[in-house]
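The values are calculated or read from the model by the stated rules, or taken from the named source; none is laboratory data. All of these numbers come straight from a predicted model, not from anything done at the bench. Virtual Cβ from ideal backbone geometry, glycine too; neighbours counted across all protein chains shown.
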């Protein structure tokens, strides 16, 4: 389980460190910060493209071998980021680095769930996701500090090393995962014909965007709005990560008690917290507390969504589980894009929080519709005789 979480740690570090180093990357290539946000969106697009394609085409591949191959591809993408000579090359490299993301978490989540005791599947999924959350406590702040001090390329060197370490750890410590059923590539696409799968993915794609709208531009928000010193930014990024760890753990516990309720609670918490961040961002202390809470509410949503997708996908779980992370990275791309739009429009660095709260509200409404449709579908099932 720790080996699987290490992969999540590396993926989380590379996904979020770009946001922390966005001003440095933009300055180095001579582009505006909103334009620099395209590197964030490119990674997210790679996740969206890679998740369904890899999950479907590699459905017959033994799960352990697939996990190793995905981490090798991840490492190559980050090495390409280090070597990027121009901004378009960096955007392309971030796209490549994002391709294995969704498939890795999808397969790793299924593996963890298959090894978990009865009634603790969501906690097992949360354990894999804990690597992603822990990245924001240790990996992202450390890589951001290193990138600001020595250069942003050094941050991606660290990520590539983590990728290689994960390849070794999976090879050495992860069993052959015979409990995870290898499926037919023709079966996996049936997930896309299930309305509950599509609706749950849509909830994640919209609702999760609120967190990314704020976090993508968190460095400039802290320095320009809260008046925080640049050297304190990595500490706040660590607080954001601690919030993700706490939210991930709480979300896993709540999802084992009731999946749908856990999703509702996380979305409602996001609405309240993101709306409050508009005011909190004007003071260094309250901005730091707000960053913790934004991370916690966002991470609390993930275990419930992942578990729900595995439940409603039936015999197409690999694709559905992978698509969850594609949906979350659509949220990443959309949040970064919408946040950049309102900043470019001159509305300031607190405007993305308003956008984020609106996205979370939309997520609540979409999930309400999703549950209503699910109940109607259950009511239409024929009553079986004894």
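What is the one condition in (1) closer than 19 Å to residue 145 by Cβ; (2) more than 16 Å from the chain's Cα centre (by Cα) that residue 269 does not satisfy?
(1)
Quick one: count up the residues across the range 348-385 that are modelled with pLDDT of 90 or more and part of a helix (DSSP H, G or I).
Residues flagged as modelled with pLDDT of 90 or more and part of a helix (DSSP H, G or I) within the range 348-385 amount to 23.
Hey, residue 60 hits all of (1) without any contact (Cβ under 8 Å) to a residue 60 or more places away in the chain; (2) more than 19 Å from residue 161 (Cα to Cα) but one; which does it fall short on?
Of the numbered conditions (1) without any contact (Cβ under 8 Å) to a residue 60 or more places away in the chain; (2) more than 19 Å from residue 161 (Cα to Cα), the odd one out for residue 60 is (1).
Residue-wise test of (1) surrounded by 24 or more Cβ atoms within 10 Å (Cβ to Cβ); (2) closer than 19 Å to residue 351 by Cβ; (3) modelled with pLDDT under 85; (4) out of contact with any helix residue (DSSP H, G or I) (no Cβ under 9 Å at 6 or more places or on another chain).
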| position | (1), (2), (3), (4) |
| --- | --- |
| 181 | no, no, yes, no |
| 184 | no, no, yes, yes |
| 189 | no, no, yes, no |
| 194 | no, no, yes, no |
| 199 | no, no, no, no |
| 202 | no, no, no, no |
| 206 | yes, yes, no, no |
| 209 | yes, yes, no, no |
| 217 | yes, yes, no, no |
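Looking at residue 51 and the list (1) more than 23 Å from residue 83 (Cβ to Cβ); (2) surrounded by 24 or more Cβ atoms within 10 Å (Cβ to Cβ); (3) at pLDDT 85 or above, which single condition is not satisfied?
Here residue 51 clears every test but (3).
On the given criteria, is residue 213 crowded, with 23+ Cβ neighbours inside 10 Å and at pLDDT below 95?
When the stated conditions are applied, residue 213 passes them.
Of (1) surrounded by 24 or more Cβ atoms within 10 Å (Cβ to Cβ); (2) under 16 Å from residue 214 (Cβ atoms), residue 320 satisfies all except one. Which?
Failing condition for residue 320: (2).
Has the range 291-298 got any residue that is surrounded by fewer than 24 Cβ atoms within 10 Å (Cβ to Cβ) and either touching a residue at least 12 places away in the same chain (Cβ under 8 Å) or not in a helix (DSSP H, G or I) (or both)?
Yes, that holds for at least one residue.
Just the residues that are over 12 Å from residue 106 (Cα atoms) and either touching a strand residue (DSSP E or B) at 6+ places or on another chain (Cβ under 7 Å) or modelled with pLDDT under 75 (or both), please, taken from the range 305-322.
Within the range 305-322, 314, 315 qualify.
Any idea which of (1) more than 19 Å from residue 299 (Cα to Cα); (2) within 21 Å of the chain's Cα centre (by Cα); (3) crowded, with 19+ Cβ neighbours inside 10 Å is the one residue 112 doesn't satisfy?
Tallying (1) more than 19 Å from residue 299 (Cα to Cα); (2) within 21 Å of the chain's Cα centre (by Cα); (3) crowded, with 19+ Cβ neighbours inside 10 Å, residue 112 fails exactly one: (1).
Does any residue of the range 84-98 turn out to be farther than 18 Å from residue 16 by Cβ and either buried (at least 24 other Cβ atoms within 10 Å of the Cβ) or under 15 Å from the mean Cα position of the chain (by Cα) (or both)?
no
Could you give every pair whose Cβ atoms fall below 6 Å, whose first residue belongs to the range 22-34 and is farther than 14 Å from residue 220 by Cβ, and whose second residue is part of a loop (DSSP other than H, G, I, E, B), counting only separations of at least 6 or pairs across chains?
Matching pairs, first to second residue: none at all.
So residue 231 passes all but one of these: (1) surrounded by fewer than 24 Cβ atoms within 10 Å (Cβ to Cβ); (2) within 22 Å of residue 21 (Cα to Cα); (3) at pLDDT below 85; (4) touching a helix residue (DSSP H, G or I) at 6+ places or on another chain (Cβ under 6 Å). Which condition number does it fail?
Here residue 231 meets the rest and fails (4).
In the range 234-257, what residues are surrounded by fewer than 24 Cβ atoms within 10 Å (Cβ to Cβ), touching a residue at least 12 places away in the same chain (Cβ under 8 Å) and more than 16 Å from the chain's Cα centre (by Cα)?
Listed by number, the residues that qualify are 234, 235, 238, 239, 250, 253, 254, 256.
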